[in-house]
Amino acid sequence: MSAVALVCGPVLLLTGVLLRVRFHFFFPDQLAAYASHPTLITAAYACFACGNIVLCAAVMALAQRIAATEPLWGIWGGCLVIAGLFTRTFQFGTDHLAFHLTDSQGLQAMIDAIDGYYLAWRETVWHPFRTLSGTAFFGWAVLAIGAYRSGALGAGRSVALALMSMLALGTLKGTQIPQSIIATGGLCVAFVPLGISMLRGGPRPSSRALIWLVVIIAGLALGTVYAPKG
């Protein structure tokens with residue numbers, strides 16, 4: 001599972017970034033893009049959110065490799081990055097709600113609402129995910145330093161991993177050119193070869209594991225189709 005996550009997580013993130021690349025990154029333009037291209041924008045944000053979730057397993061796999069020789073760097077780098085991934089996933093919830101309220105409340109009403117949300121967020125004295133926002137940036141640098149010091153990644157791929165610190169954070173933040181593409185592309189360079197090498201070198205999954213994988217995928221698909229509406 002970790003090897004698959006190392007390959008699929010970065011690819012999902014990059015896919016989400018590229019799907020929304022032609023729209024300006026700030027929230028009024030993202031809402032307008034959803035109003036005119038709802039399927040495309042929904043797919044872009046869903047890919048990005050799923051990539052963040054899958055990356056948790058990928059980051060844990062790398063942190064484990066780092067911790068074998070540099071335990072503090074592995075623990076702190078892994079924990080900080082995963083906290084940042086949780087923050088991005090939390091913000092996807094606000095994105096999802098804003099998009100669907102656009103359908104019922106109208107575009108201008110939601111632009112005004114998100115503008116007010118940003119003002120209120122800046123004035124909030126304390127919120128757990130506001131406190132954790134910084135980890136979405138400097139956590140990748142800590143993990144990259146640990147990967148280099150431990151030999152888990154070479155110098156070039158460690159630098160590519162650290163580029164994730166460039167990725168914008170916030171509600172309804174789309175693709176910044178070129179920062180978002182550089183950041184997610186760097187993550188692919190850092191993680192995908194490691195995942196492929198683990199897939200090639202690891203044991204083949206048992207028949208029981210494959211059967212459970214099919215059952216889980218089927219269950220998720222049925223849940224999507226028959227989930228209660230509203």
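The values are calculated or read from the model by the stated rules, or taken from the named source; none is laboratory data. Just so it is clear, the structure is predicted and the values come from calculations on it, not from any experiment. No Cβ is skipped: glycine too gets one built from the backbone with ideal geometry, and neighbour counts run over all protein chains shown. Ligands, DNA and RNA are excluded from the accessible area calculation, which covers all protein heavy atoms including side chains. Shrake-Rupley method; radii C 1.70, N 1.55, O 1.52, S 1.80 Å.
General remarks:
- Farthest positive-ward along the stretch 89-162 dipole, Cα basis, beta-carbon charges - from Gly139, Gly154, Thr102: Gly154
- Counting only Cα atoms, the stretch 88-140 measures 37, 22, 14 Å along its principal axes, largest extent leading.
- Highest-fluctuation residue, Ile53, Ile211, Ile75 considered, GNM on the chain with Cα pairs under 10 Å: Ile211
- About its Cα centre, the chain has a charge dipole of approximately 720 debye under the convention of +1 per Lys or Arg Cβ and -1 per Asp or Glu Cβ, with nothing else charged.
- Summed over the residues of the chain and divided among them, the accessible surface reaches 53 Å² per residue at a probe radius of 1.4 Å.
- In this rough spin-label picture, where each label sits 7 Å from Cα along the Cβ direction, the Thr69-Leu132 distance is 3.1 nm.
- Cα convex hull of the stretch 109-183 - mean projected area over all directions, nm²: 6.2 nm²
- Applying 0.36 nm per residue to the separation of Ser36 and Leu169 and subtracting their alpha-carbon distance, the gain on full extension is 45.5 nm.
- Within-14-Å neighbourhood charge of Ala109 [Cβ basis; K, R +1; D, E -1]: -3
- Shape annotation for the stretch 22-95: C-alpha extents along the principal axes are 51, 21, 17 Å, from largest to smallest.
- Neighbourhood net charge (13 Å Cβ-Cβ; Lys/Arg +1, Asp/Glu -1) for Tyr34: -2
- Around Leu187: net Lys/Arg minus Asp/Glu count, Cβ-Cβ under 15 Å: +2
- By the Stokes-Einstein formula, at 0.692 mPa s and 37 °C, the stretch 1-125 with its Kirkwood radius over alpha-carbon pairs has D equal to 205 µm²/s.
- Within a Gaussian network of the chain (alpha carbon springs, distance under 10 Å), most fluctuating of Gly201, Gly78, Gly170: Gly201
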